[in-house]
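The values are calculated or read from the model by the stated rules, or taken from the named source; none is laboratory data. Values in this document were obtained by computation on a predicted structure and should not be read as measured data. Cβ placement follows ideal geometry from the backbone for every residue including glycine, while neighbour counts extend to all protein chains displayed.
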Amino acid sequence: METKRRVLLLGTVSLVAGVFAADVFLPWGNVAPVLYACAVLLSFLVSRRPYPVILAAACSLLIVLAFSLRPGGSTAVDVINRSIAELLTWTTLVLGYLTKRTQGDRLIGPHGQDEYQRLFDSNPAPTWVVDSESLAFLAVNQAAIRHYGYSREEILRMTVLDIRPPEDIPRLLELLPKALASSEPRMWPGKHRKKDGTIIHVEVGAQALTFAGRPARLVTASDVTERKQAEVVRRQVLEKVISAQEEERRRIAHGLHDETGQLVASLLVGLRGVESAPTLEAARAKTGELRRIAARTLEEVQRLARGLRPGALDDLGLQDALKRQAAEFRDNQGIPVDLHVSLPDGHRLPPLVETALYRIVQEALTNTAKHAAAKMVSIVLQRTASAVNLVVEDDGCGFDTGMLQSGARTSRHLGLHGMRERASLLSGRFSIESRPMGGTAVYVTLPVEEPAS
Ligand SMILES: Nc1ncnc2c1ncn2[C@@H]1O[C@H](COP(=O)(O)OP(=O)(O)OP(=O)(O)O)[C@@H](O)[C@H]1O
Ligand SMILES: [Mg+2]
């Protein structure tokens, strides 16, 4: 594009010089004014400003100069011709600017005036045309206006630096030469600032083009803020899962060492006593004690196993495991639980779905116990043709769900995110409804294949 501009620049200068020489020595009449006007017209292809003005001024001077240099003096017709030439030159310049202004920052396609403009405007991603040298915005589409909150007029008075957070600008200036030199379309990560001050994470793509005769970049931004936040939360959930696993292991190791280990040690001592008992009677007397220790050992091992994974979930299925969980909750917290499960008799849900629903109910009940001060809880589990729906609802103090969006508290409160993650891993949906003093309801829908009839 630069070569084309240089050729045009050279062409217009040569044309003006040629016309001047001919004007001095040849009786060209009205040809010279027309050719000067053509040169001014061509100059708009070189640049929008200020080159056409400089060229028009030069033409104007040369018209007068040729008048005084002409051998053999000048006639009245000559004066008229030169006045026409001046008029034509300046009129062409003004018309050129008027046309450019109406086309100005519009994109014109091969099949119609505003074809590209319509494509540009209807692009759902925020898009701008940016001047490669001044970094000023030359055009902006509707999506950018909507997303960033600035009006078209405001944006067209701004540069790329104005939508960057100040701390991001040094890095941008460092990357810019590399980005401008690259002809490969690629996405650059960064941050943008909306009119209301919100900082968003973006991936910005740029492509070189010539716009209104100037080297420019077509810049598109996609807002990846939600994706970034989800990545952060996912990492925190993963960390929590790992630390919960470690905690679990420590608890089991403790249990095995302190409780089970002690009981097995007592069993060993008891057995040695039986071995060395002087009479059969004495040995028999010791076995009663040993049986009690063995029963406690078994109970302890079962308790540890239950903590690891509810046996009922594997052996009896979700319905019984939930019944047991609800009963334990009622006994421990003193809050009645209304449980309604309608699953087809004898039909088991996929193991991953059962585990997810069990753990979601567990977290919802823990939240009720921790935060709700509820008088009662209801759990409803229903199977439809292609999904299973779960609702856990309490009549407690509720909370403002708006704080979940703010993301401010995510690092310490991960239970709800964990529920959402479990549902989304199984392509399901999770939502929570709550109002201060209006109770809390957790809704989960997981897709499952239709039961074979
Ligand atoms: N049933 C409920 N009743 C009242 N407030 C609730 C209820 N469930 C959740 N909340 C509110 O939502 C917040 C987030 O819950 P979440 O389970 O994510 O975190 P947490 O329970 O505080 O911590 P943890 O990461 O240990 O689960 C809670 O701190 C509480 O303020
Ligand atoms: Mg919680």
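The rows are residues; the columns are (1) in contact with a His (Cβ under 9 Å, 6 or more places away or on another chain); (2) modelled with pLDDT under 85; (3) surrounded by fewer than 14 Cβ atoms within 10 Å (Cβ to Cβ).
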{"position": "168", "(1), (2), (3)": "yes, no, no"}
{"position": "203", "(1), (2), (3)": "no, no, no"}
{"position": "219", "(1), (2), (3)": "no, no, no"}
{"position": "251", "(1), (2), (3)": "no, yes, yes"}
{"position": "267", "(1), (2), (3)": "no, no, no"}
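Checking residue 276 against (1) hydroxyl-bearing (Ser, Thr, Tyr); (2) touching a Gly at 6+ places or on another chain (Cβ under 7 Å); (3) within 29 Å of residue 299 (Cβ to Cβ), which test does it fail?
For residue 276, the failing item is (2).
Do any residues in region 354-373 that are under 16 Å from residue 326 (Cβ atoms) have Cβ atoms under 7 Å from those of residues that are within 9 Å of ligand 1 (Cβ to nearest atom) and of a type in the set (Ser, Thr, Tyr), where the two are at least six apart or on different chains, and which pairs are they?
Hits for this filter: 372/440.
Of all residues in region 419-430, which are over 14 Å from residue 387 (Cβ atoms) and within 13 Å of ligand 1 (Cβ to nearest atom)? Don't jump to the end; show me each part of the working.
Of all residues in region 419-430, those over 14 Å from residue 387 (Cβ atoms) come to 419-422, 424-425.
Of everything in region 419-430, those that are over 14 Å from residue 387 (Cβ atoms) and within 13 Å of ligand 1 (Cβ to nearest atom) turn out to be 419, 420, 421, 422.
Looking at 190, 197 in this structure, which one is surrounded by 15 or more Cβ atoms within 10 Å (Cβ to Cβ) and either in the same structural domain as residue 149 (by TED's automatic domain parsing) or assigned to a helix (DSSP H, G or I) (or both)?
Unique residue meeting the criteria: 190.
Mind checking whether some residue in region 410-417 is hydrophobic (A, V, I, L, M, F, W, C), farther than 21 Å from residue 325 by Cβ and within 15 Å of ligand 1 (Cβ to nearest atom)?
no
Looking at this structure, is residue 334 without any contact (Cβ under 8 Å) to a residue 24 or more places away in the chain, farther than 30 Å from residue 413 by Cα and not aliphatic (A, V, I, L, M)? Spell out how you get there, then give the answer.
Numbers: without any contact (Cβ under 8 Å) to a residue 24 or more places away in the chain: yes; farther than 30 Å from residue 413 by Cα: no; not aliphatic (A, V, I, L, M): yes.
In short, no.
Go through region 299-398 and tell me which helices (runs of 4 or more DSSP H), entirely inside it, have 1 or more residues that are within 16 Å of ligand 2 (Cβ to nearest atom) and surrounded by 19 or more Cβ atoms within 10 Å (Cβ to Cβ).
318-333, 351-367
Let me confirm something: among 336, 350, 310, which residue is modelled with pLDDT under 85, at negative phi and out of contact with any strand residue (DSSP E or B) (no Cβ under 6 Å at 6 or more places or on another chain)?
310
Considering 435, 412, which residue is at pLDDT 90 or above and over 21 Å from residue 382 (Cα atoms)?
435
Against the definition (among the small types (Gly, Ala, Ser), more than 30 Å from the chain's Cα centre (by Cα) and closer than 19 Å to residue 310 by Cβ), how does residue 369 come out, yes or no?
So residue 369 passes the test.
Taking the conditions exactly as written (surrounded by 21 or more Cβ atoms within 10 Å (Cβ to Cβ) and not charged (D, E, K, R)), does residue 432 satisfy them or not? Don't jump to the end; show me each part of the working.
Working: surrounded by 21 or more Cβ atoms within 10 Å (Cβ to Cβ): no; not charged (D, E, K, R): yes.
Considered against the rule, which asks whether it is surrounded by 21 or more Cβ atoms within 10 Å (Cβ to Cβ) and not charged (D, E, K, R), residue 432 comes out as no.
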